[in-house]
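The values are calculated or read from the model by the stated rules, or taken from the named source; none is laboratory data. In this text the structure is predicted, and so the values were computed from the model without any measurement. For neighbour counting, all protein chains shown are included, and Cβ atoms are generated from backbone atoms with ideal geometry for every residue, glycine included.
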Amino acid sequence: MDSRQLIVRPLHTEKNVNDIRDANTYHFEVDRRATKTQIRHAIEELFPGRKVVDVRTITVRGKKRRTRRVIGVTKSWKKAIIKLRPGDTIDIGY
């Protein structure tokens, strides 16, 4: 799988920004089939010169949503939390 297909998008929330400042960790939405090793190699390929120290993954389950009488479920997705070595940063636009 291509690195650009593996990493879907960076996540931008208040918790994520605080993690970047405090612990040098970045949050990304990744493909559900991606493994930790694949994610590590994709980040190091997309952002040359950066060294990934740790990768943690979470599968976020879809939530129930109701529209009038129809009850549906949003899509489940996978989140990766990437920790870089001290001194490395990724400019992802915020």
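Data table
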read-out: Any hit, region 44-51, residues being free of Cβ contacts under 8 Å to residues at least 60 places away in the same chain and touching a Leu at 6+ places or on another chain (Cβ under 8 Å); value: yes
read-out: Selected residue (criterion: modelled with the lowest pLDDT) from residues of region 56-94 that are surrounded by 10 or more Cβ atoms within 10 Å (Cβ to Cβ) and hydroxyl-bearing (S, T, Y); value: T89
read-out: Region 25-67, residues that are among the polar types (S, T, N, Q), within 17 Å of L6 (Cα to Cα) and touching a strand residue (DSSP E or B) at 6+ places or on another chain (Cβ under 7 Å); value: T57, T59
read-out: Matching residues in region 11-35 - criterion: being exposed (fewer than 15 other Cβ atoms within 10 Å of the Cβ) and either touching a residue at least 40 places away in the same chain (Cβ under 8 Å) or among the basic types (K, R) (or both); value: H12, K15, V17, R21, A23, R32, R33
read-out: Single unsatisfied condition, D2 versus (1) out of contact with any Phe, Trp or Tyr (no Cβ under 8 Å at 6 or more places or on another chain); (2) closer than 11 Å to I82 by Cβ; value: (2)
